[in-house]
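Worksheet for the structure shown next.
The values are calculated or read from the model by the stated rules, or taken from the named source; none is laboratory data. Since the structure is predicted, the reported quantities are computational estimates derived from the model, not experimental observations. Here the Cβ positions follow ideal geometry from the backbone for every residue, glycine too, while neighbour counts run over all protein chains shown.
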Amino acid sequence: MRQTTAMQDSDDLAQVFIPVDTTGQLVAARQLADSIAATLRMARALVEARRRVDLDGLNGMIGLLCARALDLPPEQGRSFRARLIALRTDLDDLSVALKPP
């Protein structure tokens, strides 16, 4: 039986696209989240010690983390949600610590 042109085209496309390693994406997102959490802890410790804190790169890091979280398949994204919520709490705590007395 001969394949139709549409079937041949879809077979050709399947060979062109490389399968995405979603496990690697999740690991990368977790590593970035851990890095951001460490940055937030360090920043909070510096604020509490009344030291100057530079948070210039934080927006970019969080933006990248959000993009990576959105790239995850739904099931992995849901499993990553708790980590994002924990980071939000850490960020809120830092925000409170930064407010003048």
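Working carefully through the options ARG44, ARG68, ARG83, ARG51, find the one that is among the basic types (Lys, Arg), without any contact (Cβ under 8 Å) to a residue 60 or more places away in the chain and out of contact with any helix residue (DSSP H, G or I) (no Cβ under 7 Å at 6 or more places or on another chain).
Unique residue meeting the criteria: ARG51.
What is the residue count in segment 58-74 for residues that are surrounded by fewer than 10 Cβ atoms within 10 Å (Cβ to Cβ) and either assigned to a loop (DSSP other than H, G, I, E, B) or not polar (S, T, N, Q) (or both)?
So the answer is 3.
Of all residues being modelled with pLDDT of 95 or more and acidic (Asp, Glu) in segment 66-92, which is farthest from ALA43 (Cα to Cα)? Just the residue, please.
ASP92
Of all residues being over 15 Å from the mean Cα position of the chain (by Cα) and surrounded by fewer than 12 Cβ atoms within 10 Å (Cβ to Cβ) in segment 76-101, which is farthest from THR39 (Cα to Cα)? Just the residue, please.
PRO101
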